[in-house]
Structures are given as C-alpha cells and as structure tokens.
1. State all residues of region 25-79 that are within 21 Å of ARG153 (Cβ to Cβ) and of a type in the set (A, V, I, L, M, F, W, C); if no residue qualifies, say none.
2. Please go through region 78-114 and give me each residue that is closer than 13 Å to ALA43 by Cα, free of Cβ contacts under 8 Å to residues at least 40 places away in the same chain and open to solvent by 20 Å² or more (accessible area, probe 1.4 Å), ordered by number.
3. If I filter region 54-73 for residues that are open to solvent by 10 Å² or more (accessible area, probe 1.4 Å), of a type in the set (D, E, K, R) and out of contact with any strand residue (DSSP E or B) (no Cβ under 7 Å at 6 or more places or on another chain), do I get at least one hit?
4. Taking region 133-175 as the search range and keeping residues that are of a type in the set (Gly, Ala, Ser) and open to solvent by 10 Å² or more (accessible area, probe 1.4 Å), which one is modelled with the lowest pLDDT?
5. Count, please, the residues in region 24-54 that happen to be over 12 Å from the mean Cα position of the chain (by Cα) and part of a helix (DSSP H, G or I).
6. Across region 30-47, which residue is modelled with the lowest pLDDT among those that are over 22 Å from ARG102 (Cβ atoms) and open to solvent by less than 10 Å² (accessible area, probe 1.4 Å)?
7. I'd like to check something: does region 99-113 contain any residue that is over 23 Å from SER31 (Cα atoms), assigned to a loop (DSSP other than H, G, I, E, B), out of contact with any strand residue (DSSP E or B) (no Cβ under 8 Å at 6 or more places or on another chain) and of a type in the set (Lys, Arg)?
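The values are calculated or read from the model by the stated rules, or taken from the named source; none is laboratory data. Worth saying up front: this structure is predicted, and the values here are computed from it rather than measured. Ideal geometry is used to build each Cβ from the backbone, glycine not excepted, and the neighbour counts take in all protein chains shown. Quick note on the areas: whole protein, heavy atoms, side chains included, nothing else; ligands and nucleic acids left out. Shrake-Rupley method; radii C 1.70, N 1.55, O 1.52, S 1.80 Å.
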Amino acid sequence: MITADPVAAANEGRTVRSGNAEDIATLLAYSRKVIIVPGYGLAVAQAQHTARELAELLEQRGIEVIYAIHPVAGRMPGHMNVLLAEADVPYDQLQEMDDANREFSSTDVVLVVGANDVVNPAAKTSPGSPIYGMPILNVDEAAHIVFLKRSMRPGFAGIDNELLYNPKTTLLFGDAKDSLNKLVTSVKTA
C-alpha cells in the first residue's frame, strides 16, 4: 500500500510517499514504458542481474524497458555500462543521458535504483547547490517515479534531493538487490 509516510528532512517536517513491493509491482506491470536508472546503490548491492531479471519480466508483458545511463553514475565514467554488460543487458537498451532525456516525458514509470545526485533537480533549480549546472537525467518528467533507497540520507554531493518529496515519487526503502528481488516476485503475481 502506498502511503504518505512522515519523514523529517532538514528539520522541515516534509513527507515522502513510501510504498511496498506489491503495489509498486502492480504499477510496473501495467505500464507501457519503464525506464530504469541505475546508480551507485545498484553497484554496491551488486543488483545488476536482478534489475535485468525484472526488466525481462516486464518485457514478457509487452512493456518497453530501457536503461537511462548518466555519464558519471556510480563512481567513474562508464561504470553502469560495465555492470549492465556483465548482466547481459542488451546494449541497445542502454540510453545515454541526452537520448534518455527525450524519453522521460512519454514514460509511465521511472525506477531509480540507488542513483541520487544524477537525478537531483537542484542541478537545475538551486544556484547555491554544489551540483548546480551539472546535467542530470530528467526523471521528474515521467508520470511516476519510484526510488529504491536505503534511507533518506543524501547522495555523494551531500545535499537533499527535492525529487524525493515530489507527489509523483514513491520510495521503496531497503537494499537495492533485496528490493528488486521483492519486485521480481511481486511482478510475477501481478
């Protein structure tokens, strides 16, 4: 069940929406297009094979799945490409940032897996931010955003991500691999 779950952020008392795997799997299973945004959390959890398994289940349902790759996702350029190649993700499903940014507005669900700074709107909207001016993946243009995160802690840049408080965003808290495994199980029965 997706609920408004109070989570204090920067002592402002803002809330985020959190969900469970079953509800998020239903959202994914009845989409037309899903974009997976892999990040450092996917790498740390070694969840690339599970992400591919989820993508394959969605594709079996006729859902278009692509991966949006930010050039510096992870800890070095090309990191995500290497991890996804290791998991046998077809290369034609990998879209670099500029190409992916053209896809978000026609996307039902973006699944952000352990990425934070590379999708943070502060890069466009907060001149004092350490990431201001950095090109980002425009995931906020999708109809729904699902964030897989361990906690509300900020990303590598050390700043809060306003996208987490967007009404279109649902969080699934936990380790990326564990969360993806739960989604795989739930999509099978959705």
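1. VAL37, LEU42, ALA43, VAL44, ALA45, ALA47, VAL72, ALA73, listed by residue number.
2. GLY78, HIS79, ASN81, VAL82, ALA85, GLU86, listed by residue number.
3. There is at least one residue in region 54-73 that is open to solvent by 10 Å² or more (accessible area, probe 1.4 Å), of a type in the set (D, E, K, R) and out of contact with any strand residue (DSSP E or B) (no Cβ under 7 Å at 6 or more places or on another chain).
4. It comes out as ALA157.
5. Here the count works out to 15.
6. Once the filter is applied, the top-ranked residue is LEU42.
7. Scanning region 99-113, I find no residue that is over 23 Å from SER31 (Cα atoms), assigned to a loop (DSSP other than H, G, I, E, B), out of contact with any strand residue (DSSP E or B) (no Cβ under 8 Å at 6 or more places or on another chain) and of a type in the set (Lys, Arg), so the answer is no.
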